Structures are given as structure tokens and as C-alpha cells.
1. Within the range 22-52, which residues are outside any loop (DSSP other than H, G, I, E, B) and not aliphatic (A, V, I, L, M)?
2. So which residues in the range 13-65 are out of contact with any Leu (no Cβ under 9 Å at 6 or more places or on another chain) and more than 29 Å from Cys133 (Cα to Cα)?
3. Which residue pairs have Cβ atoms closer than 9 Å, lie 6 or more positions apart in sequence or on different chains, and pair a first residue in the range 81-92 that is without any contact (Cβ under 8 Å) to a residue 24 or more places away in the chain with a second residue that is basic (Lys, Arg) and buried (at least 18 other Cβ atoms within 10 Å of the Cβ)?
4. List the pairs whose first member sits in the range 52-68 and is under 13 Å from Ser42 (Cβ atoms), whose second member is assigned to a loop (DSSP other than H, G, I, E, B), and whose Cβ atoms are under 6 Å apart, counting only residues at least 6 apart or on separate chains?
5. Could you please find all residues in the range 30-49 being exposed (fewer than 14 other Cβ atoms within 10 Å of the Cβ) and charged (D, E, K, R)?
6. Under the condition of being among the acidic types (Asp, Glu) and assigned to a helix (DSSP H, G or I), which residue from the range 95-140 is nearest to Tyr63 (Cα to Cα)?
7. Name the residues in the range 79-95 that are surrounded by 12 or more Cβ atoms within 10 Å (Cβ to Cβ) and at pLDDT below 95, would you?
8. In the set Asp62, Asp55, which member is part of a loop (DSSP other than H, G, I, E, B) and either out of contact with any helix residue (DSSP H, G or I) (no Cβ under 7 Å at 6 or more places or on another chain) or within 23 Å of Ile139 (Cα to Cα) (or both)?
Amino acid sequence: MKTRNIVVEPYNEYWPIAFERIRIFLNKEIGSLILRIEHVGSTAVPGLSAKPIIDLDVVIRDYSNFEELKHILSNLGYNYEGDLGIKDRHAFKYDTSASPFYLHHLYVCPVFSKELHKHLFLRNYLQQHPADCAEYGAIKQRGAELFPNNIEKYIAFKGKFIASIYKKMNSN
């Protein structure tokens with residue numbers, strides 16, 4: 001699921017539409033096993049520059065039906081990649097070669113997942129704070145220019161800003 005070439009684009013009005021198409025499809029297939037599907041990441045924040053990849057958090061109550069969910073997702077073309085080192089956030093890679101959907105990353109998180117709460121807080125915070133949103137967009141664009149082929153350095157470059165936002169989450 002690693003991004004090889006980092007490209008950050010200006011906000012695209014199509015991103016929420018692309019998310020909604022994926023959400024509708026997934027809800028038909030797995031809706032009875034989940035609580036909801038959240039559009040997270042930078043493409044979920046109007047006006048924010050982003051890598052053109054939709055991030056989805058599929059929210060489950062707990063792990064009681066996780067194996068069934070994994071099986072259905074596998075049949076839909078999603079390959080389970082484990083938690084990739086992040087507790088209670090399970091990554092699924094989608095085979096984009098035959099996909100009718102926009103490029104996306106899918107994560108399954110139980111409702112109590114700290115990572116889910118961080119995703120939602122960051123999205124909501126940036127939606128409500130335009131100056132910070134603009135600053136973050138500029139940081140992301142600069143990071144993509146400096147590290148176009150190194151996702152780890154790109155993430156580290158923008159990490160200080162994200163950490164400052166998460167500090168606000170912990171102080172609330």
C-alpha cells in the first residue's frame with residue numbers, strides 16, 4: 001500500500017463524489033457488518049491539497065465479525081495487509097487494475113480505535129480551521145517537491161504540523 005511517487009494536487013471537487021460512489025458500493029456489500037464508512041484523509045477536507053487517493057475508514061463495533069468482513073472484502077478485490085504497525089487499524093489493498101473506482105485506501109477500524117479518532121479529529125479540525133488547512137496544504141506540496149520518491153521522508157516532513165494538531169486534540 002506504499003505510495004511510490006508522491007504527487008500532491010490542489011483540491012478536486014470530484015473527491016467527495018468518488019468517495020460516495022465507493023461508500024455506496026461497499027454499503028451494499030458489507031453494510032450489515034459495519035457501523036459506517038468515513039471519508040478521512042486530506043481528500044475529505046474541502047480546499048486542501050492532497051495526494052489524489054481517497055482514504056476510507058470502515059468502522060466496526062468490535063472484532064466479532066472481522067473474519068467474515070475480511071472474507072467478503074477479499075471477494076470484492078481487497079487484499080488484507082494487516083495493521084501495518086498501527087494498532088486497531090487494518091489495511092486492505094485494492095487491485096486498481098480492474099477497478100471501476102477512484103484510487104483509494106481502505107482501513108477497517110473498531111469504533112474504539114485511537115487511530116480512527118485521530119483521523120476524524122484531524123479531518124474535522126482542518127475543515128473548521130481554514131488558515132491551518134492552507135498551511136497544511138502548503139506543507140504537503142513542499143514535502144512532495146522535496147521528497148517525490150520517499151514516502152517516509154514526506155510523512156516525516158509533514159509530521160510536526162500533524163503532531164501540533166493532535167496536541168490540540170489531547171488538550172480538548
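The values are calculated or read from the model by the stated rules, or taken from the named source; none is laboratory data. All values derive from a computational prediction rather than experimental measurement. Note that we place each Cβ from the backbone using ideal geometry, even for glycine, and neighbour counts take in every protein chain shown.
1. Applying the first criterion (outside any loop (DSSP other than H, G, I, E, B)) to the range 22-52 yields 22-33, 36-40, 42-44, 50.
Correct list: Arg23, Phe25, Asn27, Lys28, Glu29, Gly31, Ser32, Arg36, Glu38, His39, Ser42, Thr43.
2. Result: Asn27, Lys28, Gly31, Ser32, Asp62, Tyr63, Ser64.
3. Asp83/Arg89
4. Filtered contacts from the range 52-68: Ile53/Leu103; Ile54/Tyr102; Asp55/Gly41.
5. Of the residues in the range 30-49, the ones exposed (fewer than 14 other Cβ atoms within 10 Å of the Cβ) are 31-32, 35-36, 46-47.
If the condition is that a residue be exposed (fewer than 14 other Cβ atoms within 10 Å of the Cβ) and charged (D, E, K, R), then Arg36 is the only one that fits.
6. First, the residues of the range 95-140 that are among the acidic types (Asp, Glu): 95, 115, 132, 135.
If we keep only those that are assigned to a helix (DSSP H, G or I) as well, we get 115, 132, 135.
Details: Glu115: 16, Asp132: 35, Glu135: 38 Å.
Among those residues, the one meeting the criterion is Glu115.
7. Within the range 79-95, the subset surrounded by 12 or more Cβ atoms within 10 Å (Cβ to Cβ) is 79-81, 83, 86, 88-94.
Within the range 79-95, Asn79, Lys93, Tyr94 meet the criteria.
8. On the way: Asp55 fails: part of a loop (DSSP other than H, G, I, E, B).
The unique qualifying residue is Asp62.
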